[in-house]
1. Could you say which residue among 120, 62, 58 is part of a helix (DSSP H, G or I), modelled with pLDDT under 95 and over 14 Å from residue 7 (Cα atoms)?
2. Do you know which residues across the stretch 65-83 are over 13 Å from the mean Cα position of the chain (by Cα) and either in a helix (DSSP H, G or I) or among the aromatic types (Phe, Trp, Tyr) (or both)?
3. Would you pick out the residues in the stretch 27-55 that are in a loop (DSSP other than H, G, I, E, B), surrounded by fewer than 15 Cβ atoms within 10 Å (Cβ to Cβ) and at pLDDT 80 or above?
Amino acid sequence: MRIVVGFLRSPEGRAALQRAVEEARLRDAELLVVHSFRGGPREDEAEVIAYREEFERLERQLSTEGVRYTLREFVRGNAPDEDLLQVAKDEDADLIVIGIRRRSPVGKLVLGSNAQDILLQADCPVLAVKAATES
């Protein structure tokens, strides 16, 4: 079994990753962690370095926890949802885990949604995870 999850440094991204690790353990599955940068001159160098450092920490964490994993990093101009869906298709994934956030009705109408695109286009089940809210 293969579980695909996107890697984002946000509460939603961390919640999705945590749940994907739990699912991988529960199902004795391989975890495919996908990180996608659009690339280009607008990419903030400090942000790229921060992502790389956290990606390396994640690799150490998964290694020590005994989770079977593969980390994939893409810089090919695609939107993150495109890369996630492509990896899920190429690897014949059994599950995609995504993080979602609350959005206003106008935000849902005006702005595109990576989560919505994944939910509608995925060839396998998708588990949507909300980040814990602070009280």
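1. Working: 62 fails: over 14 Å from residue 7 (Cα atoms); 58 fails: over 14 Å from residue 7 (Cα atoms).
Selected residue: 120, the only one of 120, 62, 58 that is part of a helix (DSSP H, G or I), modelled with pLDDT under 95 and over 14 Å from residue 7 (Cα atoms).
2. Taking the stretch 65-83 as the starting set, the residues that turn out to be over 13 Å from the mean Cα position of the chain (by Cα) are 65-69, 75-78.
Once the filter is applied, which keeps residues that are over 13 Å from the mean Cα position of the chain (by Cα) and either in a helix (DSSP H, G or I) or among the aromatic types (Phe, Trp, Tyr) (or both), the stretch 65-83 yields 65, 69.
3. Let us first name the residues in the stretch 27-55 that are in a loop (DSSP other than H, G, I, E, B), namely 28-29, 38-44.
So of that shortlist, the ones also surrounded by fewer than 15 Cβ atoms within 10 Å (Cβ to Cβ) come out as 28, 38-44.
Correct list: 28 only.
The values are calculated or read from the model by the stated rules, or taken from the named source; none is laboratory data. Small disclaimer: the values here were computed from a predicted structure and weren't measured. Don't worry about glycine lacking a Cβ; one is built from the backbone with ideal geometry, like all the others, and counts go over all protein chains shown.
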